[in-house]
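Engineer: Input: one structure, supplied below.
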Amino acid sequence: MANSDQIDEARRLLGLGEAATLKQVKAAYKMLANRYHPDRCKEIDRAKCEEMMKRMNEAYELIMKYFTDYSYSFGEEDVRRTYSHDEYLRKYHYGWFDGI
């Protein structure tokens, strides 16, 4: 299992903030992969691009493993905190006459 410093370094390499969704991680990786893929680099920069691609792949794999191994809470309070706006809209839409 990676430690917090390794995960922090990986997210920085991929240009991610301290919080990111899986979708954001994949988009960041794809954008950088398009930029640094050795087939897209000029011959003079190929070695640099290969090294960067290797580091990016390692960072991506580390973060994906972190996502895979993370324990998600399905407790009501945690779900409410995560989806507070949706919860608000649901209560407003379905419960706005409750106080009358």
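Engineer: What ranking, highest mean first, results for peptides 73-80, 18-25 when packing means the other Cβ atoms within 10 Å averaged over each residue? If you can, show how the numbers build up before the last one.
Structural biologist: On the way: 73-80: 9.9, 18-25: 11.8.
The densest-packed peptide leads the list: 18-25, 73-80.
Engineer: Could you give me the ³J(HN,Hα) list for the range 45-52, computed from phi with Karplus coefficients 6.51, -1.76, 1.60 and θ = phi - 60°, whole Hz, x at Gly and Pro?
Structural biologist: Result, ordered by residue: 9, 4, 5, 5, 5, 4, 5, 5 Hz.
Engineer: Still on this model: According to a simple spin-label model (label point 7 Å from Cα along Cα-to-Cβ), what is the distance in nm between Ile7 and Glu77?
Structural biologist: Going from the Glu77 label point to the Ile7 one covers 2.1 nm.
Engineer: How long, wide and thick is the range 4-69, going by the Cα atoms along their three principal axes, in whole angstroms, largest first?
Structural biologist: Projected onto the principal axes, the Cα atoms of the range 4-69 cover 38, 21, 18 Å.
Engineer: How far apart, in nanometres, would the label points at Glu50 and Lys30 be if each is projected 7 angstrom from Cα along the Cα-to-Cβ direction?
Structural biologist: Computed distance between label sites Glu50 and Lys30 equals 2.8 nm.
Engineer: Arranged from highest to lowest average of other beta-carbon atoms within 10 Å per residue, in what order do the peptides 30-39, 7-16, 47-56 appear? Don't jump to the answer; show the numbers that get you there.
Structural biologist: Details: 30-39: 13.5, 7-16: 17.2, 47-56: 15.2.
Most protected by this proxy first, the peptides run 7-16, 47-56, 30-39.
Read-outs: derived from the displayed coordinates by stated rules, not from any lab. In this text the structure is predicted, and so the values were computed from the model without any measurement. Here Cβ is always computed from backbone atoms with ideal geometry, including for glycine, and neighbour counts include all displayed protein chains.
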